[in-house]
1. Tell me which residues, restricted to region 116-134, are touching a helix residue (DSSP H, G or I) at 6+ places or on another chain (Cβ under 7 Å) and either of a type in the set (Gly, Ala, Ser) or over 16 Å from residue 40 (Cα atoms) (or both).
2. Which residues, counting only those in region 1-42, are of a type in the set (Gly, Ala, Ser) and crowded, with 20+ Cβ neighbours inside 10 Å?
3. Any residue in region 84-99 that is within 17 Å of the chain's Cα centre (by Cα) and of a type in the set (Phe, Trp, Tyr)?
4. Quick check on residue 101: is it modelled with pLDDT of 95 or more, closer than 17 Å to residue 48 by Cα and acidic (Asp, Glu)?
5. Can you find a residue that is assigned to a helix (DSSP H, G or I) and either more than 19 Å from residue 140 (Cβ to Cβ) or not polar (S, T, N, Q) (or both) anywhere in region 91-104?
6. Just a yes or no: is a residue in region 131-145 more than 17 Å from the chain's Cα centre (by Cα), hydroxyl-bearing (Ser, Thr, Tyr), closer than 15 Å to residue 17 by Cα and not in a loop (DSSP other than H, G, I, E, B)?
Amino acid sequence: MEIKMHFTKVLGYNQWANGVFIDALLENGGAEEIRFMSHILNAHRIWLERINGQQKPFDAWAVRPVHELRDYDAELNRATLEVLDRCDPEAAIAYKNSRGEDFENTVSEILQHVLNHSTHHRAQIAILLRQRGIAPPASDYIFYYRG
């Protein structure tokens, strides 16, 4: 499968999975769960800014109002699809990490990181929900394709 098509598919899944968790947080979200979901999206934004060469200081852990998260996620997904349309997935991106250290990764490596990072923190949200006796939403990749 062509890499741009692959990322288009998994970005669709990622937005869906974020959405089912955002729905759960709108109904039962505690402060810590909302903090993690905000972080997922803020980190996505930071990586997009790095790809676009517009890196600005931004708090990856800033908490956003839960009712704004779905629109924020949709905006990030649209911007990421635009990156896929105009960038070579193997193009090298030079950037500074949060400590000011210089690094270079390809667009595809960065996008894969964003996706893995999102999955990691959704799992943390699921654990936090379970600890409060709330069943987390099912967000497996295959469930997305089953519709």
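The values are calculated or read from the model by the stated rules, or taken from the named source; none is laboratory data. No experiment lies behind these values; they were computed from the predicted model shown. Cβ: placed from backbone, ideal geometry, glycine included. Neighbour counts: every protein chain shown.
1. The initial filter retains those residues of region 116-134 that are touching a helix residue (DSSP H, G or I) at 6+ places or on another chain (Cβ under 7 Å), namely 117-118, 121-122, 124-125, 128-129, 134.
118, 129, 134 - these are the residues of region 116-134 that are touching a helix residue (DSSP H, G or I) at 6+ places or on another chain (Cβ under 7 Å) and either of a type in the set (Gly, Ala, Ser) or over 16 Å from residue 40 (Cα atoms) (or both).
2. The answer is 17, 24, 29, 38.
3. Scanning region 84-99 turns up no residue that is within 17 Å of the chain's Cα centre (by Cα) and of a type in the set (Phe, Trp, Tyr).
4. Values: modelled with pLDDT of 95 or more: yes; closer than 17 Å to residue 48 by Cα: no; acidic (Asp, Glu): yes.
Taking the combined requirement at face value, the residue does not satisfy it.
5. Among the residues of region 91-104, not one is assigned to a helix (DSSP H, G or I) and either more than 19 Å from residue 140 (Cβ to Cβ) or not polar (S, T, N, Q) (or both), which makes the answer no.
6. Yes, because at least one residue in region 131-145 is more than 17 Å from the chain's Cα centre (by Cα), hydroxyl-bearing (Ser, Thr, Tyr), closer than 15 Å to residue 17 by Cα and not in a loop (DSSP other than H, G, I, E, B).
Residue-by-condition table, conditions (1) under 19 Å from residue 108 (Cβ atoms); (2) polar (S, T, N, Q); (3) within 16 Å of the chain's Cα centre (by Cα):
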{"site": "9", "(1), (2), (3)": "yes, no, yes"}
{"site": "16", "(1), (2), (3)": "no, no, yes"}
{"site": "28", "(1), (2), (3)": "no, yes, no"}
{"site": "36", "(1), (2), (3)": "no, no, yes"}
{"site": "41", "(1), (2), (3)": "no, no, yes"}
{"site": "57", "(1), (2), (3)": "no, no, no"}
